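Okay, structure first, notes after.
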Amino acid sequence: MCGGFTCSKNALIALNILYVLVGFLLIGVGVYGRAASIVTNLPIIGGILACGIILILISMLGLAGAIKHHQVMLFFYMIILFLLFLIQFSIACSCLAVNSEQQKHFAEEGWNRVPVDIKKEVQDTFLCCGFNSTTTDDHPSCEIVNRSCCFDSKINECSCMPCLPVLEDKINYAFKLCGGIGLFFSFTEFVGVWLTVRYRNQKDPRGLPSAFL
């Protein structure tokens, strides 16, 4: 079994390199989630994005602590990584627990909150008109997008479908993607905490005994 000082050190270095890659992956997922749900501006997706950035910064601290076997760096790295695990695990579970009705509620709140130019961008991007068929909220004119939707029909007899049905699948996919990836990689952070505790309590055979041991 790999339990020596050198093995633990190399494993921790490799794990932190993985964390850097995971951090960039979480950032990419968060950016995709935000782009896929333009009008919602969801704080959960923002949380995934923030976790990715924080994970990269923590990984730099972990790499430095692992290479130098620095007790103080490793201690703070261990504590921060455990807190990040709790936050990321909670956010990922929240993403997976959100049902379709809650997603629609978030989308409606976001639509009512954003300015008219963002609504116009959504309508032009997804070729839709208004939020849904049951509301008469203020939205930009649909005359231009209706021409794209109804190019083979008379404009006054046809209109684009509401934006909610068009965005619904994209928002749901963004939630599931953020939740699934966040949940999977949160457990690797717990492994990192365990490995750091083990590594801190091992003596460097090439150096003087640590003052913390």
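The values are calculated or read from the model by the stated rules, or taken from the named source; none is laboratory data. From a predicted model like this one, the values you see are computed outputs, not experimental measurements. Virtual Cβ from ideal backbone geometry, glycine too; neighbours counted across all protein chains shown.
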- Query: Name the pairs whose Cβ atoms lie under 8 Å apart, with the first residue in the stretch 81-109 and among the hydroxyl-bearing types (Ser, Thr, Tyr), the second in a helix (DSSP H, G or I) and at pLDDT 80 or above, and 6 or more positions between them or separate chains?
  - Reply: Ser94/Gly179; Ser100/Glu168; Ser100/Asn172
- Query: Quick check, is Val29 part of a helix (DSSP H, G or I) and modelled with pLDDT under 80?
  - Reply: yes
- Would the stretch 67-74 turn up any residue that is under 18 Å from Leu177 (Cβ atoms) and part of a loop (DSSP other than H, G, I, E, B)? no
- Contact list, first residue from the stretch 144-168 and closer than 19 Å to Trp111 by Cβ and modelled with pLDDT of 70 or more, second anywhere and exposed (fewer than 15 other Cβ atoms within 10 Å of the Cβ) and charged (D, E, K, R), beta-carbon distance below 7 Å, six or more apart or interchain, is Val145/Asp124
- What number of residues within the stretch 110-135 satisfy the criterion of being under 23 Å from the mean Cα position of the chain (by Cα) and either closer than 21 Å to Gly179 by Cα or not in a helix (DSSP H, G or I) (or both)? 2
- Candidates Val22, Val98, filtered to the one that is modelled with pLDDT under 85, within 21 Å of the chain's Cα centre (by Cα), under 17 Å from Asp169 (Cα atoms) and of a type in the set (Val, Ile, Thr): Val98
- Output for Cβ contacts, cut-off 7 Å, separation at least six or different chains, first residue assigned to a helix (DSSP H, G or I) in the stretch 180-201, second of a type in the set (Gly, Ala, Ser) and at pLDDT below 85, reads Gly182/Ala92; Leu183/Ala92; Ser186/Ala92; Leu195/Ser8; Arg198/Ser8; Tyr199/Ser8
